[in-house]
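The next block holds one structure in the form of structure tokens; read it before the comments.
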Amino acid sequence: MAQVPTFVHGDVIISQSMAIMDYIDNKFEGYSLLPKDLALRAKVKEICEIICSGIQPIQNLSVLQKIGEANKMEWAHHWIQSGFDSLEKVLQKSSGKYCVGDDITMADACLVPQVYNANRFKVDMSKYPNISRIEKSLAEQPAFIKAHPDNQPDCPQK
């Protein structure tokens, strides 16, 4: 689809964030991005789907280009806000320090780039205290600092 991200591991080439995270989670020993408990695992996947299927695709570059420059800010703002309204309610019940309890999961890995987009499109994040609190905690984690778009070697200079 000519979209990012794409993950290359030897002869294995995988696109789409959820498939990449699932591969990494199952391929490598150590920290798991999914809880063992089935109910918590389902909650993590629910949050991932809210973000990856319900919010993010509506503001992909190809969609925004089709909508046009004059309408893209209003369009993205509307759909991020609509999605965050729902996500905030879910996080009221599921979150601890992070999206689902006190361990970093796939849901957290999905949340951070969506908050980045929300800020890019000037969404009022004060309306989303749980989302903001979780993103702030994650922003202090070394893996999230390293993965931040501004810290990538191909990031355009601001």
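Checked against (1) surrounded by 15 or more Cβ atoms within 10 Å (Cβ to Cβ); (2) more than 18 Å from ASP108 (Cβ to Cβ), MET21 meets all criteria but (2). Considered as a group, the residues in the range 127-158 that are at pLDDT below 95 and among the acidic types (Asp, Glu) include one that is least open to solvent (accessible area, probe 1.4 Å), and that residue is ASP150.
Could you grab me the full set of residues in the range 75-128 that are of a type outside the set (Lys, Arg) and on the phi > 0 side of the Ramachandran plot? Outline the logic, then answer.
Let us first name the residues in the range 75-128 that are of a type outside the set (Lys, Arg), namely 75-88, 90-92, 94-96, 98-119, 121, 123-126, 128.
Listed by number, the list holds a single entry, GLY101.
Just give me the residues in the range 86-126 being charged (D, E, K, R), over 23 Å from LYS36 (Cα atoms) and surrounded by 14 or more Cβ atoms within 10 Å (Cβ to Cβ), in sequence order.
The one that is charged (D, E, K, R), over 23 Å from LYS36 (Cα atoms) and surrounded by 14 or more Cβ atoms within 10 Å (Cβ to Cβ): GLU88.
Of the residues examined, GLN59 is not one that is open to solvent by 40 Å² or more (accessible area, probe 1.4 Å) and either at pLDDT 90 or above or within 17 Å of the chain's Cα centre (by Cα) (or both).
Output yes when any residue across the range 28-50 is within 14 Å of the chain's Cα centre (by Cα) and modelled with pLDDT under 90, and no when none is. There is no residue in the range 28-50 that is within 14 Å of the chain's Cα centre (by Cα) and modelled with pLDDT under 90.
The values are calculated or read from the model by the stated rules, or taken from the named source; none is laboratory data. Note that the structure is predicted; figures quoted are calculated from it, not measured. Quick reminder, even Gly has a Cβ in these numbers, built from the backbone with ideal geometry, and neighbours come from all protein chains shown. SASA here: full protein model, heavy atoms, side chains in, ligands and nucleic acids out. Shrake-Rupley method; radii C 1.70, N 1.55, O 1.52, S 1.80 Å.
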